[in-house]
Every structure is written in C-alpha cells, then in structure tokens.
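K.L.:
Dumping the structure here so I can ask a few things about it.
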Amino acid sequence: MKELHTTSKYHLFFSRINNAKMRIFCYSIANLTILNLHTKQLYLPVIYICLLLLFPRVVFAEEVMLDNKPSLKHAESSQVTSPESPAKPTLNAAQHFYSLIDQPHKYLSSGIHSFTRTIDEFFSDEKVEYETNGSYLHLTLDSVFSEGGNRGFVGNAKARIVLPNTQQKMRLVFESDPHEGRDEINPELEETLLDAAQDKSYFAGLEAVLGEFKNWKIRPSIGLRLNSKLELLTRIRANRFYNINENWSAYLRNSLYRYSSSGYGFKTSLELDRKIYDKLLFRSTTSGRWEDENEFWESSQLLSLTHSMDAKRALIYQFGVFGISEPRVFATDYLLQLRYRKQLYSNYLFMELSPKIVYDREDNFEPIFSFTVRGEIIFKG
C-alpha cells in the first residue's frame, strides 16, 4: 500500500514535466527503483540507463513518432492559416546526430562513383548502356588512316528499344558484331562505307532486365546472329559496382554465352578506378576470355589515364598488353594510344581523334602507326 501511494505521488510529479522524452525517462527509472528496492536489484535501473544512452533511437522510437505527430487542433489551424506551406518535420537530437554521421559516408561513397560515371557517359562506355534501363541508339563510324596512305572504314550500330507494357523489363536488342571478344586493336577494315555496313554480323533478339540480386545487375538475352548463316545466341550477363573507399572503386563484368555452332564462351573483366584529383582518373582494366573452339584464354591488361579538360573535351592516355595462354602465357601485342574526344552538339553528337601505335608479335614487334577519326551519334530515350 505504501509502495502504491509512493508511486502515485511520483506519477503526479512526473506528469507536470512538459518534455515527453524526459518524462518517460524519469518515470521509468523511478518505477524500476521503487519496485526493486525490496530485492536490492538496483542493477536493472543502471542497465536501463545504459540502454538509453547507447540506443536512444530504439528506446525513444515510439515517443519520437508521437512527438512528431501533430494534433488535430494544430493541423486544422495550419490548414486555415497556410494551406500552401505545410509544416516541415523537425528532427530530434538523436536523429540530427545520426544524420551528421551519415552525411560524410554519403559524400565519400558518391564522390568516386559520380566522377567515374561522368567519364564513362562522356566516352559512351559499354557499361553505361548496360546500366541504362531506357531505350537508346548508338552509331559509330571510324575512318582509319594507316601507313602507306591506306584508308579503311569500320562501322558499328547498337540499339535497344523498351517494349511497351513490360515496366521496362523487356527490351528489343539489335547490335552489330555481337561477339563477346576483346576490343580489336587491329580491326578488319573495309575499302568503302557500303562494305563496312554489309560485311558485318548482326544480332537481333530480346533482353530481360531482372533487377538487382545482392547488388548484381543481371541481363539474360536470346536471339539470332545474322552472318553468312543464322545461329542462335543465348547469353547472361552480370555486372556489379564496388565502392572501396573515397578514392578507389571497382566494376566487375561477367558474361556467359553460347553460340549454336561454336559452343560456349565466357568473358570477365575487372576495372579498378582511382580518382587522382578533380580532373584526373586512373583506370586499370584486366580482361580474360575463354571459348570452346579455341580452348585457351585470351587476356589483356589496359592502363588508362583520363583527363577531363572541360565539359566538352577529354583526353585518354592508354597503354595495353594483349596475350594468350597457348601453349603458354605470352604477349601477342602491345598498344600505345591517345584518344581525344569532343562534344560537337548537345549530348548526342561526338567526334574522336585517336593516334595509335601497335607492336604485333607477328611483325616482330615492329611499330605499326595508324590514325582514326570517329564520328558518333547517341540517342537516349
């Protein structure tokens, strides 16, 4: 009876405290202390105080929701006085503290990622097309000038159209030269623009966007490759971005595919990006490919330094080594290349100038000079 009377007195006293958070805190400690005096288990209030200090957001979660919920009278008055300017939600001390902790993490994680994405979008990197869920059209035409005054042409086309009523989950795909091989350092040139368009293999099919599975973006596709003959191509691709720290990031690409005539193939590549300062990006790209018909690995290591000159111009300095693993691992080609890219009009017309030196094993590593002028058109939907 005495304990009940004492508790009622405490309840009357604590009900006069205006701050709900402090009222709950003091009232809980007092009740725990009174109820445990006869057993001398005073460690329970101490544990409760520690929980309050360590996990304020958990302990006061319900109280915070009650504090932030406006009363009916206050809501009606706010609707009458200022119907066009709703009241801004306020943060309590715990929420403000945790938001200050989250801000540096968000800044560090977005810094390198946003910078590399800007560079990749400017140079129309393949992974930007892979990450984009909308429709797009990408056309390139290369005019290559080699030693001896020879000139040839290389053209490529890629298109993806989002099918209606699929919630951007299905796309119609069309692309030239869909082989999952390495970037050609010595592409096969054609004498005329018409030959460059005709002497190509093309792929047409359907691609599904499966969303993300543990940060992996998965894209299966199936279709036909049109060349001298028709053959079925099925493939599944899985890409993932890794944020290592504020200066380093990584991007991993994997592609498993099968041609009905030549069998299975697998390609993987790992990009490591390092932001040197606001306008310089270092990139190391390690790639490997294996196919049934070859039964050996084709590998490459490419080092790049990208200099963003301004919003419409950029330079890439590149050095690369290419090799195979048959009968043992050895280098077949070395590459030195400079790529100067300029935005000509809006965000869909670009020009690229690229002097290049290739050292080929078949030519006893004698330097082969060439100069490429590229015109590029990109439409995004």
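K.L.:
Of Leu270, Leu280, Leu252, which residue is at pLDDT below 95, hydrophobic (A, V, I, L, M, F, W, C) and touching a Leu at 6+ places or on another chain (Cβ under 8 Å)?
P.N.:
So the residue among Leu270, Leu280, Leu252 that is at pLDDT below 95, hydrophobic (A, V, I, L, M, F, W, C) and touching a Leu at 6+ places or on another chain (Cβ under 8 Å) is Leu280.
K.L.:
Can Ser135 be described as touching a Phe, Trp or Tyr at 6+ places or on another chain (Cβ under 9 Å), assigned by TED's automatic domain parsing to the domain that holds Asn239, at pLDDT 65 or above and more than 21 Å from Ile222 (Cβ to Cβ)?
P.N.:
Working: touching a Phe, Trp or Tyr at 6+ places or on another chain (Cβ under 9 Å): yes; assigned by TED's automatic domain parsing to the domain that holds Asn239: yes; at pLDDT 65 or above: yes; more than 21 Å from Ile222 (Cβ to Cβ): no.
Here the answer is no, as Ser135 does not meet what is asked.
K.L.:
Taking the criterion of being exposed (fewer than 15 other Cβ atoms within 10 Å of the Cβ) and assigned to a strand (DSSP E or B), would at least one residue in segment 289-299 satisfy it?
P.N.:
No, that holds for no residue.
K.L.:
A further question follows. Confirm whether Leu232 is out of contact with any Gly (no Cβ under 6 Å at 6 or more places or on another chain), in contact (Cβ under 8 Å) with a residue 24 or more places away in the chain, under 18 Å from Glu175 (Cα atoms) and in the same structural domain as Ser299 (by TED's automatic domain parsing). Write out each step before concluding.
P.N.:
Details: out of contact with any Gly (no Cβ under 6 Å at 6 or more places or on another chain): yes; in contact (Cβ under 8 Å) with a residue 24 or more places away in the chain: yes; under 18 Å from Glu175 (Cα atoms): yes; in the same structural domain as Ser299 (by TED's automatic domain parsing): yes.
Judged against the criteria, Leu232 is a match.
K.L.:
Among the listed residues Ser370, Ser346, Ser325, which satisfies the condition of being in contact with a Phe, Trp or Tyr (Cβ under 6 Å, 6 or more places away or on another chain) and of a type in the set (Gly, Ala, Ser)? Lay out the reasoning, then the answer.
P.N.:
Details: Ser370 fails: in contact with a Phe, Trp or Tyr (Cβ under 6 Å, 6 or more places away or on another chain); Ser346 fails: in contact with a Phe, Trp or Tyr (Cβ under 6 Å, 6 or more places away or on another chain).
Within the list Ser370, Ser346, Ser325, the selection yields Ser325.
K.L.:
Applying the selection to segment 258-288, what residues are part of a strand (DSSP E or B), hydroxyl-bearing (Ser, Thr, Tyr) and farther than 15 Å from Gln301 by Cβ? Lay out the reasoning, then the answer.
P.N.:
Kept after step one, since they are part of a strand (DSSP E or B), are these residues of segment 258-288: 258-259, 263-277, 280-288.
Filter again for hydroxyl-bearing (Ser, Thr, Tyr), leaving 259, 264, 268-269, 277, 284-287.
Matches in segment 258-288: Tyr259, Tyr264, Tyr277.
K.L.:
Out of all the residues in segment 134-171, which are hydroxyl-bearing (Ser, Thr, Tyr) and in a strand (DSSP E or B)? Walk me through how you get there before you give the answer.
P.N.:
The first filter runs over segment 134-171 and keeps only residues hydroxyl-bearing (Ser, Thr, Tyr), leaving 135-136, 140, 143, 146, 166.
Residues satisfying the conditions are Tyr136, Thr140, Ser143, Ser146.
K.L.:
Kindly check whether there is at least one residue in segment 290-299 that is under 16 Å from Tyr251 (Cα atoms) and in contact (Cβ under 8 Å) with a residue 40 or more places away in the chain. Talk me through it step by step, then tell me what you get.
P.N.:
Filtering segment 290-299 down to residues under 16 Å from Tyr251 (Cα atoms) leaves none.
No, the conditions are met nowhere in segment 290-299.
K.L.:
Also, quick follow-up: Can you report the number of residues in segment 308-321 which are loosely packed, with under 15 Cβ neighbours inside 10 Å and part of a strand (DSSP E or B)?
P.N.:
Here is the first cut: in segment 308-321, the ones loosely packed, with under 15 Cβ neighbours inside 10 Å are 309-313, 315, 317, 319.
If we keep only those that are part of a strand (DSSP E or B) too, we end up with 309-310, 313, 315, 317, 319.
The qualifying residues number 6.
K.L.:
Restricting attention to segment 226-257, and to residues there that are surrounded by 17 or more Cβ atoms within 10 Å (Cβ to Cβ) and either outside any strand (DSSP E or B) or of a type in the set (Ser, Thr, Tyr) (or both), which single residue is nearest to the chain's Cα centre (by Cα)?
P.N.:
Out of the qualifying residues, it is Tyr251.
K.L.:
Please work out which residue is surrounded by the most Cβ atoms within 10 Å (Cβ to Cβ), limiting yourself to segment 322-344 and to residues that are in a loop (DSSP other than H, G, I, E, B) and touching a residue at least 12 places away in the same chain (Cβ under 8 Å). Walk me through how you get there before you give the answer.
P.N.:
To start, the set of residues in segment 322-344 that are in a loop (DSSP other than H, G, I, E, B) comprises 325-329.
So of that shortlist, the ones also touching a residue at least 12 places away in the same chain (Cβ under 8 Å) come out as 325-326, 329.
Numbers: Ser325: 15, Glu326: 11, Val329: 11.
Applying the filter and picking the extreme gives Ser325.
The values are calculated or read from the model by the stated rules, or taken from the named source; none is laboratory data. Note that the structure is a prediction, hence the values are computed from the model and not measured. Ideal geometry is used to build each Cβ from the backbone, glycine not excepted, and the neighbour counts take in all protein chains shown.
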